[in-house]
Amino acid sequence: SSPDSEGCTPELEKAGLLNKTKIAEGGRKLRKNWSPSWVVLVGNSLVFFKDPKSQTPSSWKPGNSRPESSVDLRGAQIHWANELSSKKNVFKLRTVTGNEFLLQSETDSLIKEWYKTIQNVIDRLDRE
Ligand code: I3S
């Protein structure tokens, strides 16, 4: 394990480029607006960065680039949601606060990895 694993800096679990749209805010439906997002799973949060150009291994680090938004995965739910889009490989992430996001990739293996990794974090938090 890394020196930080038991310190105060949460561990980076996964990072990559996904298509993202927010579809609800506090339970209120929003109009879709798909755009590429650099997505970072760190600790209990999924963090979204607007600028896909800053995709260097260090770009997710605090201070290097400002997140567009972030999602607390505690109590969140994840479901495959291909019925919610004409795109393939879509899943829906819903937070306890009623924010809903669709995440998508054209690459089957990639979206499956994200789904599995996020589900694992949610399950771990559910057991705490
Ligand atoms: O579920 P919808 O409303 O058919 O979603 C599509 C629309 O949001 C569309 O934008 P406008 O109708 O606001 O111009 C988007 O361009 C599409 O990408 C949305 O559908 P998909 O099937 O791509 O999720």
Gained length - Thr97 relative to Gln77, 0.36 nm times residue gap less alpha-carbon distance: 6.1 nm
Table column - 3J(HN,Hα) (Hz), the range 78-92, Karplus curve with 6.51, -1.76, 1.60, x for Gly and Pro: 10, 9, 5, 9, 5, 6, 8, 7, 7, 6, 8, 6, 10, 10, 10
Efficiency of FRET from Cβ geometry, Trp34 and Arg127, R₀ 41 Å, rounded to 0.05: 0.75
Peptide ranges 98-108, 27-37, 117-127 listed from the most packed, as the mean C-beta count within 10 angstrom indicates: 98-108, 117-127, 27-37
Residues Ser45 and Asp108, FRET efficiency given R0 of 30 Å [Cβ-Cβ distance, rounded to 0.05]: 0.75
Calculated Rg and Dmax of the range 65-112 using C-alpha coordinates, Å: 11.8, 34
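Throughout, read-outs are computed from the coordinates displayed, never taken from laboratory work. Source: prediction; values computed, not measured. Cβ: placed from backbone, ideal geometry, glycine included. Neighbour counts: every protein chain shown.
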